[in-house]
Amino acid sequence: MRERRRNYELMIVISPLHANEEGIAAAIERVTHSIVASGGEVSGINQTSPWGRRKLAYPIREYASGEASRRNFTEGFYVLITYSLSAAKVTEVERTIKLTDAIMRHLVTVVEQKGVAVVATEGVEAVAEKAE
C-alpha cells in the first residue's frame, strides 16, 4: 500500500549564538538532509523578510553550548521550510530537529488544500437539494 504524502511547513528558530552564515547553513542543511533521507522533497526555504533575525515575543530559556546553566534569549533567526513527506516519517524529522543544538524551537504544520474542502461542501449541498 502506498503511503500518503502530505505537504508540511516547518518553522525553526535558530539560536542567536549560531546565527552566523555558517551556523544557519549547517542547521538548514541538517534538517533538509533529514527530510530527503526520509523520502521527502523540500520545495522551498524562506529566510528572507519577514523572516530572518527577529525579536522573540517572550524570552526563551535555553542551554547554550558549553554552559552549565540556562540563558535567556530575546532574539532568534527564523527559517520557514516547506516540504512534502509521508505522514509516518515526520517523527524522524522532528527527532533530528530536537537533537540539533542550534535550533531553539520548531513547529510543523500540515498545509491543507483549500480546493478539496470546498468541493466536498458543495457536494453535500447538492445532495441536500436533491433530497428536498
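The values are calculated or read from the model by the stated rules, or taken from the named source; none is laboratory data. Being a predicted model, the structure only gives us computed values, none of them experimental. So basically every Cβ, Gly included, is an ideal-geometry build from the backbone, and we count neighbours across all protein chains shown.
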- Query: Cβ-Cβ below 6 Å, separation at least six or inter-chain, first residue in region 63-86 and over 15 Å from Val110 (Cβ atoms), second among the small types (Gly, Ala, Ser): which pairs?
  - Reply: Arg71/Ala64; Phe77/Ala19
- Note on the structure: Of the candidates Ala27, Ala57, Ala88, Ala37, the one satisfying the condition of being farther than 21 Å from Tyr8 by Cβ and of a type in the set (A, V, I, L, M) is Ala57
- Note on the structure: Scanning region 49-89 residue by residue, those modelled with pLDDT of 85 or more, surrounded by fewer than 11 Cβ atoms within 10 Å (Cβ to Cβ) and over 23 Å from Asn20 (Cβ atoms) turn out to be Ala57, Tyr58
- Item | Single residue of region 91-115 satisfying the filter (at pLDDT below 90 and assigned to a helix (DSSP H, G or I)) that is nearest to Ser15 (Cα to Cα) | Lys114
- Task: Restrict the check to region 35-48 and report whether at least one residue is in a helix (DSSP H, G or I), within 12 Å of the chain's Cα centre (by Cα) and either over 28 Å from Glu3 (Cα atoms) or modelled with pLDDT of 95 or more (or both).
- Result: yes
- Task: Just give me the residues in region 52-102 being touching a Pro at 6+ places or on another chain (Cβ under 8 Å) and of a type in the set (A, V, I, L, M, F, W, C), in sequence order.
- Result: Phe73, Phe77
